[in-house]
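What follows draws every value from the coordinates through simple rules; no lab data is involved. Only a predicted model underlies this, so the values are computations on that prediction, with no experimental measurement involved. Every residue, glycine as well, gets a Cβ built from its backbone with ideal geometry; the counts of neighbours run over all protein chains shown.
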Amino acid sequence: MLQNHPTLAHIVGRAGWYLVTFLVAITINFFLPRLGDANPVDTIMAKVSEGLDAASARAKEEAYLKEFNLVEVDGAGNVRRDARGKPVRTSLGRQFINYLGMCLRGDLGSSVLQHPKRVSEIIKAALPWTLALQLPTIVFGWLIGNGLGALAAYKRGVFDKLMYPLALLASAIPAFCFGMLLVYVFGIRLEWFPTVGGYDDGLTPELSLAFFRSASYYYVLPFSSVFLIVVGGQAIGMRSMCIYELGTDYVKYAKLLGIKESKILLYMFRNAMLPQLTGLALALGTMVGGALIAEMIFSYPGLGMAVLTAIQGNDYPLISGCTLLVTVSVLCANFSVDVLVGFLDPRIRAARQAGK
Amino acid sequence: MRLLRNLLKSPFFVLGMSLFVLTLLLALLGPLFLNLDVNNRAGLAYMAPSARHWLGTDHMGVDMISMLVAGLRSSLYVGFLAGSVATSVGTLVGLYGGYKGGVIDDVLTVGTNLFLVIPSLIVLILLSASIENGRSLTLIALIIGCTTWTWSARAVRAQAASLRNRDHVALARINGYGTLGIVIFHIMPYLLSYIFMVFILQMAAGILSEASLSMLGLGPYDSVSLGKILNEAKTNEALTDGAWWAFAPAMVLITTVVFSLYIINTSLEGVFNPRLRK
């Protein structure tokens, strides 16, 4: 069946590839934090063991060991013990299998720092903020950057001479530098915009006009800090893509035929867009990383801030929960772009049909 | 020689090279004129720029100019080391896969693409967070090099694959050269300019990655880097205290270094790839 549907075959093939990538990512996510010798139970115990006698401290430690899946548990939910009465530690391999099972159930364990809270709860609260910040910046930044790049390549002259170095400069500024600069100039010096958090202190996240107004007011600076950098990077790529397209025969021919400039620009834009779309898939990881760090600069209540507090408090379950979520989102976005390119690019379509 | 003449004609190259050489000189010659002891509290916290301290002092009262030169040295060191590791690993993987083709190439390509898609900052965060003790500048540079090589491998592979069917490669094979010999002596020389451009971009990426890690509080424990200066300024309220000298010069330095590397790269691209030159 698949042979008769080249597009479907493409999608299935890519899906398989991303599944493998996902498995590698989850393995990395599990094993890297466990390279060090830090142990979540020790971290919590250091906090709560004060003033406890030895027996109740041990009982508490065992309860935590059980909670973080570090000891073997029998069918009745009791901790399994060796001959000397010590709890049997789960092997790393077993832990990994348990972890995979938990991930599939959407359970990412509990946070060490904010202890009884579940990681998934913390992430659920942070995720909408990150999505609201990153999705529009990347999509609009990509569109406007590409428009500017194409225009610069077509017009050349003063516009290009001005735009190109500016775009290079914008893409060279690290996201956090630009963020700090905005905080200082527009937040602290001019006091135009708030610089810390995502909404006014007295409000709670809800669907009201007051909250929306406050949130959009806080949104301006973080948005601009990521947006300009994305625009710069995309404009550079699109410009060189379009200069290449301008030298091709079809553009020269279209010009000789006297086709309207705007129409030629449209053709050119369509052809140069495809490599840019693939480029977007590859650059997405870097963009998301930069945006996460921008979030930290503005103490924006999203995932970036969650990662930062988790790192400061050695909260491994929270760190790996956040990193896993970011990786999975980047993989999903990449997969969508891949599928989209398969639909849009006539060359890929033709190659697949010819190969059949 | 003609190459150099062409390069010198490009205003971007001249600008980028002079900026880069300037920062390099500052990093190399700075220690001759300045006391780079970053633990030396020469004044009070956040003193404004004055004749004694040209760029003021940081939150500990250390002279900012000493901090900046020390930070610049570390950041350039990370850039060179991480860039070299990333470029050599990427080049080797790319050249080998591109020349060999077949199953080995497929495996290497799948592996490269895999790590290209997984955000490298995430891997960096996970790795650095797990190495709590002994996170030295050199170790961080090596880790960065080992996580950012993927796109240079991808870029080099495409170029190597286009060379593998050239006649001189076939001749070398007939003459009994081994795979490694062919890759190094008969394919790499054609790609040197390309590899050099990759190295420049990898260096910029290394400097930026280290700064990002430092901003997260995962920076080196044994040295001051530009990213660490920014992180300290942020965590010690330099922004709200209005102590612009504690962060603005570091921002300018890091942006200058990365910007100069970017425009050197674009100007090289223009010279090596005449289609872009007009």
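Points worth noting:
- Under Stokes-Einstein, with the Kirkwood radius over Cα pairs as Rh, the value for chain B at 4 °C and 1.567 mPa s is 63 µm²/s.
- About the centre of its Cα atoms, the stretch B:120-275 shows a dipole size close to 800 debye [charges on the beta carbon of Lys, Arg (+1) and Asp, Glu (-1) only; nearest 20 debye].
- Hydrodynamic estimate: the Kirkwood radius of the stretch B:1-91 over Cα pairs, inserted into Stokes-Einstein at 4 °C and 1.567 mPa s, corresponds to D of 83 µm²/s.
- From least to most packed, judged by other beta carbons within 10 angstrom and beginning with the fewest, B:74, B:120, B:136 follow the order B:136, B:120, B:74.
- Positive-end residue of A:274, A:264, B:205, charge dipole of the protein assembly as shown with Cβ unit charges: A:264
- Taking the C-alpha atoms only, the angle from helix B:226-235 to the longest principal axis of chain B is near 40 degrees.
- Dipole magnitude of the protein assembly as shown about its Cα centre (Cβ charges: Lys, Arg +1; Asp, Glu -1), debye to nearest 20: 2520
- Chain A shape via C-alpha gyration tensor axes, a/c threshold 1.5: oblate
- Peptides A:275-288, B:32-45, A:180-193 ordered by packing proxy, namely the average of other Cβ atoms within 10 Å per residue, highest first: A:275-288, A:180-193, B:32-45.
- Residue-averaged 222 nm ellipticity for chain B, from DSSP H runs of 4+ at -39500 (n - 2.57), nearest 500: -23500 deg cm²/dmol
- Between residue A:159 and residue A:312, residue separation times 0.36 nm minus the direct Cα-Cα distance comes to 50.5 nm.
- Chain B: angle of helix B:11-33 to the longest principal axis, Cα-based, in degrees nearest 10: 50
- Pair residue B:88, residue A:60: separation of 7 Å Cα→Cβ label points (nm): 5.1
- With R₀ fixed at 60 Å, the C-beta to C-beta distance from residue A:255 to residue B:222 puts the FRET efficiency at about 0.50.
- For chain A, the mean residue ellipticity at 222 nm estimated from helices alone is -24500 deg cm²/dmol, where every DSSP H run of n ≥ 4 contributes -39500 (n - 2.57) and the total is divided by all residues, rounded to the nearest 500.
- Size of electric dipole in chain A: Cβ of Lys, Arg +1 and of Asp, Glu -1, about Cα centre, debye, nearest 20: 1320
- Length added when fully stretched, residue A:131-residue A:278, from 0.36 nm per residue minus Cα-Cα: 50.8 nm
- Compared with the dominant Cα axis of chain B, that is its longest principal axis, helix B:137-148 is turned about 40°.
- Remark: the stretch B:143-221 is approximated by an ellipsoid whose semi-axes, taken from the C-alpha gyration tensor as √(5λ), come to 36, 11, 9 Å, largest first.
- Order of B:241, B:167 under a 10 Å beta carbon neighbour criterion, fewest first: B:167, B:241
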